[in-house]
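Trainee: The structure is given below, and queries will be raised subsequently.
The values are calculated or read from the model by the stated rules, or taken from the named source; none is laboratory data. All figures in this text were calculated on a predicted structure; none of them were measured in a lab. FYI the Cβ positions are ideal-geometry reconstructions off the backbone, even for glycines, and counts take in every protein chain you see.
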Amino acid sequence: MKTWSTDDRPSAAPAGSELSRGGAGLGRGVGVFVSMAVMCAAGLLGLAVWVGDPQAAGTPQDPVLLGTWNMLYDTAAPSLWLMVTAFGLAAVAAIGIAAAERVVTDRARRSTDSALRPLAPRTIMAGNRGEYAGAVTITVLVPAHNEQALIGATLVSLFDQSRPPERVVVVADNCTDDTVRIAQRHGAEVVETIDNTEKKAGALNQVLTELLDEFGDNDCVMVVDADTVLDLGFLAAAVQRLTDDRAIMSIGGLFYGDDTGGLLAQFQRNEYVRYSRELERRRGRVYVLTGTASIFRSAALREVADSRGSLLPGMRGDVYDTAALTEDNELTLALKSLGALMFSPRECRVVTELMPKWSHLWNQRLRWQRGALENLGTYGFKPALVRYWAQQLGIGYSVIALSSFWLLLGVTLVATPHWVWYPFWLGIGGIFVVDRVISVWQGGWRARILAVLLFPELVYDLFLDVVYVKGLLDITFAHQAEWGHVPHEPDVPARADVAATEVAA
């Protein structure tokens, strides 16, 4: 067992060499910018409603069904002008974002500018043409802080891979439980950090500082969360992809929720299934290299460390920016900015822990949301990040749309003495329900039932919208961010080992 302290890190770069946070980017102003942009977009649609000429609502019809049931309904629908305007704005936004992303991606793939895009495919292929860097190897790093309850299942899933890794190193960061002993019992190497105050990013930086100097270009690093169980074919598929395409700099996993019971867990499982399905439809073109399980070529990580303080924010020599609240998202943006090519193949699946309580979910999502905004504020308006800006603006617009839906529904219930059915909106709602059911179909019958009920998931979406607004306010007013570590009961390992066995089967 080895111990590394923060003193083992390379000396920090000169104070003037660190990329100014907020110089090239927006800093705290990202919250104000996103809010204003979203309100302007909503205002355009509101203007269309105002200047339009909606057809006058007729008198509600009151037929009697089956001789006993009075059904009050209204055939009023939005005007053709309003529907065309709404569809047009949505189409312009979708086509514009897709076209911009396509242009940026094509430019990055064709780029030969080794100064600004040192990880672009053409630059990488030109640099190693005619050279054999050896077979692809995998060294797994498992950062762990008091993970005695779950780390056993993670290690079992690693050692049982159809193509096992060359090394598995547990990075025990300020652990006060039995994490170290359990890791050693499962056959993993253990490195203990000392005096690390920079959480997961700082712990990984300490280990990577030493490892990367020893690695060749085909020696890859895999970072796996201590609460993650890998599909047994994960590494085989990833290694094959990295062997076949020397330009790929990273492979990310598609994550799914564990089998925890309860409504909150099912909400999260449905959310993860939809996200993974979307990545599959994008043919593995990854949004974020998830911290649950991602593989990096050592050359890519060395380039990131060398670019910190110049092309990238952070301190020179650090792979992970310790100032970032979401280190995996920030590293994704760093690699994207350097032109790196990365994928999430459908064969690379992992099962990750779900948040057991609403308070835990609140802390997790608030950290994710604020971290994403802070990262964009730091990087600014780079062409490579057009998709990420569009995502944040899209979430903001959905906050206004969903809030308006609940508000209008409440006003209608209060203002109308009778329940009125609107065939037009029932049709739109039916299409929406069908789409939501199809998007979680592979999640099983529980996922489908929850999706077809619709309103429970809309309440869950409203919860996430509140988190989004809280993140905007926190970053704008510089409120202190919390990490929100979830404690685990010590009797979970047996259940976790069972989960690993089920995934293996």
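Trainee: Could you list all residues from the range 112-136 that are outside any loop (DSSP other than H, G, I, E, B) and either crowded, with 22+ Cβ neighbours inside 10 Å or of a type in the set (Phe, Trp, Tyr) (or both)? So that I can check it myself, show each step before the final result.
Mentor: The first filter runs over the range 112-136 and keeps only residues outside any loop (DSSP other than H, G, I, E, B), leaving 121-128.
Within the range 112-136, Ile124 is the sole residue that qualifies.
Trainee: Scan the range 344-383 residue by residue and report those that are of a type outside the set (Lys, Arg) and under 30 Å from Ser162 (Cα atoms).
Mentor: Once the filter is applied, which keeps residues that are of a type outside the set (Lys, Arg) and under 30 Å from Ser162 (Cα atoms), the range 344-383 yields Ser344, Pro345, Glu347, Cys348, Val350, Val351, Thr352, Glu353, Leu354, Met355.
Trainee: Can you confirm whether Asp435 is closer than 28 Å to Gly96 by Cα, without any contact (Cβ under 8 Å) to a residue 40 or more places away in the chain and part of a helix (DSSP H, G or I)?
Mentor: Yes: the conditions hold for Asp435.
Trainee: Just checking, how many residues over the range 154-174 are within 24 Å of the chain's Cα centre (by Cα) and hydroxyl-bearing (Ser, Thr, Tyr)?
Mentor: From the range 154-174, those within 24 Å of the chain's Cα centre (by Cα) are 154-155, 157-158, 170-171, 173; that's our starting set.
Those still in the list that are hydroxyl-bearing (Ser, Thr, Tyr) too: 154, 157.
Residues flagged as within 24 Å of the chain's Cα centre (by Cα) and hydroxyl-bearing (Ser, Thr, Tyr) within the range 154-174 amount to 2.
Trainee: Continuing with the same structure: Could you list, in sequence order, the residues of the range 395-433 that are under 26 Å from the mean Cα position of the chain (by Cα) and under 18 Å from Leu453 (Cβ atoms)?
Mentor: The answer is Leu402, Phe432, Val433.
Trainee: Still on this structure, I have one more. Here are the criteria: (1) over 30 Å from Thr112 (Cβ atoms); (2) in a strand (DSSP E or B). Tell me which single one Ala183 does not satisfy.
Mentor: (2)
Trainee: Is it fair to say Gly410 is closer than 30 Å to Thr75 by Cα, in a helix (DSSP H, G or I) and touching a residue at least 24 places away in the same chain (Cβ under 8 Å)? So that I can check it myself, show each step before the final result.
Mentor: On the way: closer than 30 Å to Thr75 by Cα: yes; in a helix (DSSP H, G or I): yes; touching a residue at least 24 places away in the same chain (Cβ under 8 Å): no.
No.
Trainee: Let me ask something else. Looking at Thr209, Thr139, which one is assigned to a helix (DSSP H, G or I) and β-branched (Val, Ile, Thr)?
Mentor: Numbers: Thr139 fails: assigned to a helix (DSSP H, G or I).
Residue meeting the stated conditions: Thr209.
Trainee: Answer yes if at least one residue in the range 219-239 is over 23 Å from Leu155 (Cβ atoms), touching a Leu at 6+ places or on another chain (Cβ under 9 Å) and acidic (Asp, Glu), and no otherwise. Lay out the reasoning, then the answer.
Mentor: If we filter the range 219-239 for residues that are over 23 Å from Leu155 (Cβ atoms), which is where we start, we get none.
Among the residues of the range 219-239, not one is over 23 Å from Leu155 (Cβ atoms), touching a Leu at 6+ places or on another chain (Cβ under 9 Å) and acidic (Asp, Glu), which makes the answer no.
Trainee: So, in the range 178-215, of the ones that are of a type in the set (S, T, N, Q) and more than 15 Å from Leu155 (Cα to Cα), which residue ends up nearest to the chain's Cα centre (by Cα)? Steps first, please.
Mentor: Filtering the range 178-215 down to residues of a type in the set (S, T, N, Q) leaves 179, 184, 193, 196-197, 205-206, 209.
Okay, now just the ones that are also more than 15 Å from Leu155 (Cα to Cα), so 193, 196-197, 205-206, 209.
Working: Thr193: 27, Asn196: 26, Thr197: 25, Asn205: 21, Gln206: 25, Thr209: 26 Å.
Checking each candidate, the answer is Asn205.
Trainee: Could you check Leu450 against (1) free of Cβ contacts under 8 Å to residues at least 60 places away in the same chain; (2) within 16 Å of Arg269 (Cβ to Cβ) and say which number it fails?
Mentor: Tallying (1) free of Cβ contacts under 8 Å to residues at least 60 places away in the same chain; (2) within 16 Å of Arg269 (Cβ to Cβ), Leu450 fails exactly one: (1).
Trainee: How many residues are in a helix (DSSP H, G or I) and either exposed (fewer than 14 other Cβ atoms within 10 Å of the Cβ) or polar (S, T, N, Q) (or both) when one looks only at the range 84-111? It would help to see each step written out before you state the result.
Mentor: Taking the range 84-111 and keeping what is in a helix (DSSP H, G or I), we get 84-110.
Imposing the further condition that a residue be either exposed (fewer than 14 other Cβ atoms within 10 Å of the Cβ) or polar (S, T, N, Q) (or both) reduces the set to 84-85, 87-88, 90-92, 94-96, 98-99, 102-103, 105-106, 110.
Matching residues across the range 84-111 total 17.
Trainee: Are any residues in the range 309-353 within 14 Å of the chain's Cα centre (by Cα) and within 20 Å of Leu116 (Cβ to Cβ), and if so, which ones?
Mentor: Glu330, Leu331, Thr332, Leu333
Trainee: OK, next. Pick from the range 285-307 the residues that are among the basic types (Lys, Arg) and closer than 23 Å to Arg387 by Cβ: which of them is nearest to the chain's Cα centre (by Cα)?
Mentor: Taking the range 285-307 as the starting set, the residues that turn out to be among the basic types (Lys, Arg) are 285, 297, 302.
Retained after the next criterion (residues that are closer than 23 Å to Arg387 by Cβ): 285, 297.
Details: Arg285: 13, Arg297: 21 Å.
Only one residue fits best here, namely Arg285.
Trainee: Quick one: how many residues across the range 258-269 are within 20 Å of Val437 (Cβ to Cβ) and modelled with pLDDT under 90?
Mentor: Summing the residues that are within 20 Å of Val437 (Cβ to Cβ) and modelled with pLDDT under 90 in the range 258-269 gives 0.
Trainee: Quick check: is even one residue across the range 342-349 more than 24 Å from Val229 (Cα to Cα) and either part of a helix (DSSP H, G or I) or in contact with a Gly (Cβ under 8 Å, 6 or more places away or on another chain) (or both)?
Mentor: Initial filter on the range 342-349 (more than 24 Å from Val229 (Cα to Cα)): none.
No, there is no match, as no residue in the range 342-349 is more than 24 Å from Val229 (Cα to Cα) and either part of a helix (DSSP H, G or I) or in contact with a Gly (Cβ under 8 Å, 6 or more places away or on another chain) (or both).
Trainee: Give me the residue from the range 395-407 that is touching a residue at least 60 places away in the same chain (Cβ under 8 Å) and not hydrophobic (A, V, I, L, M, F, W, C) and, out of that set, surrounded by the most Cβ atoms within 10 Å (Cβ to Cβ).
Mentor: Gly396
Trainee: Look through Gly202, Gly152 and report the one residue that is among the small types (Gly, Ala, Ser), closer than 29 Å to Arg316 by Cα, in contact (Cβ under 8 Å) with a residue 60 or more places away in the chain and crowded, with 19+ Cβ neighbours inside 10 Å. Give the derivation first.
Mentor: Working: Gly152 fails: closer than 29 Å to Arg316 by Cα.
So the residue among Gly202, Gly152 that is among the small types (Gly, Ala, Ser), closer than 29 Å to Arg316 by Cα, in contact (Cβ under 8 Å) with a residue 60 or more places away in the chain and crowded, with 19+ Cβ neighbours inside 10 Å is Gly202.
Trainee: Condition check: outside any loop (DSSP other than H, G, I, E, B), touching a Gly at 6+ places or on another chain (Cβ under 6 Å), of a type in the set (Val, Ile, Thr) and under 21 Å from Arg28 (Cβ atoms). Does Thr378 satisfy that? Lay out the reasoning, then the answer.
Mentor: Working: outside any loop (DSSP other than H, G, I, E, B): yes; touching a Gly at 6+ places or on another chain (Cβ under 6 Å): yes; of a type in the set (Val, Ile, Thr): yes; under 21 Å from Arg28 (Cβ atoms): yes.
Answer is yes for this residue.
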